[in-house]
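Right, one structure below, let's go through it.
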Amino acid sequence: MASLGFSVDELLPRARGGGALKMGLTALSEREWLQSNPDLAARAAAFDNHPASVQLTPAACAAGEELAAMLGVEGGLEGAARSVWEDICLLAANNDDGPYRLIGAAVAFPTDWHPADKLGQPLIGLHKPIHGYAEQLATGVDHFMAKLKPGRIFGRCNWFVSPTPALRWIDTEPPALTFAHVTHENAGLSLFVRSERQTLRRLPETGAIVFTIGVYVTALGELSASNVARMAEALATIPPQETERRGAAYFAPQLQAFAADIAATAGEFS
């Protein structure tokens, strides 16, 4: 069994709930690095329909070619990202002491961000909307990146609540409108839990760091009862600033009421 699975139900128990931010890294073997049965047609359609999904600086060319060769394909970073399920970002430092920056991105299934807006930015800039990153994680992440050795692979995961099962999710409306259709009664069908399975490894030749993002989306009502409860608890314990960033005020009460119903039903049959 993989130490970090490839579905929302498998990933949520490994994701941060509430409280302080943490990296939450898990060591992975080579066979656990990428999903083994990707839907490449969905990947191709997303890249074909959204050319801005691929953003490159000159520094990304050699690293992209190295990664593509590692995966046994051609076409640099875009070719690599079209050959696997995961979106791929490349990170590198300008010098030994400099911060790691986003030098290339091939992101077919973004979670509410545009690669062009982040290209060239350091890690702290990439995470700027996330409350607490600078204070709680920035130093630790920078140290980890600087010390990461080729051959080592680490993974982590997160969660979001979205109003759509779409793999490509860029919200263009305020959350009050995005979640306006969600009620206690329909929450199981109208709310979707989205998890990014993220991995990090260093390329041995160029030294760039490969950051992969595998996106998985499941309707709330299709999750295990334990994961529905986990989501309700997470939304009750995340910091107020994060509640605001996620728009949770517009869906958390409905989700938590749905979770309470699931728990009550389980109690009746226990």
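The values are calculated or read from the model by the stated rules, or taken from the named source; none is laboratory data. In this text, all values refer to a predicted model and were calculated from it rather than measured experimentally. When we count neighbours, we look across all protein chains shown, and the Cβ atoms used for this are built from the backbone with ideal geometry, even at glycine.
Within the stretch 243-269, which residues are closer than 17 Å to Glu196 by Cα and among the acidic types (Asp, Glu)? Write out each step before concluding.
Residues of the stretch 243-269 closer than 17 Å to Glu196 by Cα: 246.
Across the stretch 243-269, there are no qualifying residues.
Assess whether Val210 counts as being part of a loop (DSSP other than H, G, I, E, B), surrounded by 20 or more Cβ atoms within 10 Å (Cβ to Cβ) and either in contact (Cβ under 8 Å) with a residue 24 or more places away in the chain or within 20 Å of the chain's Cα centre (by Cα) (or both).
Working: part of a loop (DSSP other than H, G, I, E, B): no; surrounded by 20 or more Cβ atoms within 10 Å (Cβ to Cβ): yes; either in contact (Cβ under 8 Å) with a residue 24 or more places away in the chain or within 20 Å of the chain's Cα centre (by Cα) (or both): yes.
It is false that Val210 is part of a loop (DSSP other than H, G, I, E, B), surrounded by 20 or more Cβ atoms within 10 Å (Cβ to Cβ) and either in contact (Cβ under 8 Å) with a residue 24 or more places away in the chain or within 20 Å of the chain's Cα centre (by Cα) (or both).
Only one of these conditions is not met by Lys118: (1) surrounded by 14 or more Cβ atoms within 10 Å (Cβ to Cβ); (2) under 21 Å from Asp171 (Cβ atoms); (3) at pLDDT 95 or above; (4) not small (Gly, Ala, Ser). Which number is it?
(3)
Just checking, how many residues over the stretch 159-207 are under 22 Å from Leu90 (Cβ atoms) and under 22 Å from the mean Cα position of the chain (by Cα)? Steps first, answer last, please.
Within the stretch 159-207, the first condition is being under 22 Å from Leu90 (Cβ atoms), and the residues that meet it are 167-168, 170, 196-207.
Going one step further and asking which of them are under 22 Å from the mean Cα position of the chain (by Cα), we end up with 167-168, 170, 196-203.
Residues in the stretch 159-207 being under 22 Å from Leu90 (Cβ atoms) and under 22 Å from the mean Cα position of the chain (by Cα): 11 in total.
I'd like to verify a number: residues in the stretch 176-185 that are assigned to a loop (DSSP other than H, G, I, E, B) and free of Cβ contacts under 8 Å to residues at least 40 places away in the same chain, how many?
Counting residues in the stretch 176-185 that are assigned to a loop (DSSP other than H, G, I, E, B) and free of Cβ contacts under 8 Å to residues at least 40 places away in the same chain gives 2.
Would you please name the residue that is nearest to the chain's Cα centre (by Cα), looking only at residues in the stretch 248-270 that are crowded, with 18+ Cβ neighbours inside 10 Å and among the small types (Gly, Ala, Ser)? Can you show your working first?
Taking the stretch 248-270 and keeping what is crowded, with 18+ Cβ neighbours inside 10 Å, we get 248, 250-252, 254-256, 258-259, 262.
Add one more test, that the residue is among the small types (Gly, Ala, Ser), and what stays is 248, 252, 259.
Working: Ala248: 18, Ala252: 20, Ala259: 24 Å.
Looking at residues that are crowded, with 18+ Cβ neighbours inside 10 Å and among the small types (Gly, Ala, Ser), I get Ala248.
Considering only the stretch 220-230, I want to know if a residue exists there that is modelled with pLDDT of 95 or more, closer than 22 Å to Pro110 by Cβ and out of contact with any His (no Cβ under 9 Å at 6 or more places or on another chain).
The answer is yes, given that some residue of the stretch 220-230 is modelled with pLDDT of 95 or more, closer than 22 Å to Pro110 by Cβ and out of contact with any His (no Cβ under 9 Å at 6 or more places or on another chain).
Check Gly76, Gly24, Gly5 and return the single one that is more than 17 Å from Ile213 (Cα to Cα) and in contact with a strand residue (DSSP E or B) (Cβ under 9 Å, 6 or more places away or on another chain).
On the way: Gly24 fails: more than 17 Å from Ile213 (Cα to Cα); Gly5 fails: more than 17 Å from Ile213 (Cα to Cα).
Unique residue meeting the criteria: Gly76.
Can you tell me which residue among Glu173, Glu233 is out of contact with any helix residue (DSSP H, G or I) (no Cβ under 8 Å at 6 or more places or on another chain) and assigned to a loop (DSSP other than H, G, I, E, B)? Break it down into steps so the answer makes sense when it comes.
On the way: Glu233 fails: assigned to a loop (DSSP other than H, G, I, E, B).
Residue meeting the stated conditions: Glu173.
Which of (1) of a type in the set (A, V, I, L, M); (2) within 25 Å of Trp169 (Cβ to Cβ); (3) touching a residue at least 60 places away in the same chain (Cβ under 8 Å) does Ala27 not meet, given it meets every other one?
Every condition holds for Ala27 apart from (2).
Taking His184 as the residue in question, decide whether it is surrounded by 14 or more Cβ atoms within 10 Å (Cβ to Cβ), under 22 Å from Ile238 (Cα atoms) and modelled with pLDDT under 90.
Numbers: surrounded by 14 or more Cβ atoms within 10 Å (Cβ to Cβ): yes; under 22 Å from Ile238 (Cα atoms): yes; modelled with pLDDT under 90: no.
No; evaluated as a whole, the condition is false for this residue.
Whether any residue in the stretch 194-204 is part of a helix (DSSP H, G or I), of a type outside the set (Val, Ile, Thr) and touching a residue at least 12 places away in the same chain (Cβ under 8 Å) is what I want to check.
Initial filter on the stretch 194-204 (part of a helix (DSSP H, G or I)): none.
There is no residue in the stretch 194-204 that is part of a helix (DSSP H, G or I), of a type outside the set (Val, Ile, Thr) and touching a residue at least 12 places away in the same chain (Cβ under 8 Å).
To keep it simple, each residue is scored yes or no on (1) over 17 Å from the mean Cα position of the chain (by Cα); (2) over 26 Å from Arg245 (Cα atoms); (3) without any contact (Cβ under 8 Å) to a residue 24 or more places away in the chain.
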{"position": "Leu40", "(1), (2), (3)": "yes, yes, no"}
{"position": "Ala45", "(1), (2), (3)": "yes, yes, yes"}
{"position": "Ala52", "(1), (2), (3)": "yes, no, no"}
{"position": "Ala68", "(1), (2), (3)": "yes, yes, yes"}
{"position": "Arg82", "(1), (2), (3)": "yes, yes, no"}
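Inside the stretch 148-170, can you point out the residues that are assigned to a loop (DSSP other than H, G, I, E, B) and β-branched (Val, Ile, Thr)? Quick ask: steps written out before the conclusion?
In the first step, residues of the stretch 148-170 are kept if they are assigned to a loop (DSSP other than H, G, I, E, B); the result is 148-152, 158-159, 163-168, 170.
Thr164, Ile170 - these are the residues of the stretch 148-170 that are assigned to a loop (DSSP other than H, G, I, E, B) and β-branched (Val, Ile, Thr).
Which of the residues spanning the stretch 11-48 are at pLDDT 95 or above, among the polar types (S, T, N, Q) and over 18 Å from Ser83 (Cβ atoms)?
Residue satisfying the conditions is Ser29 alone.
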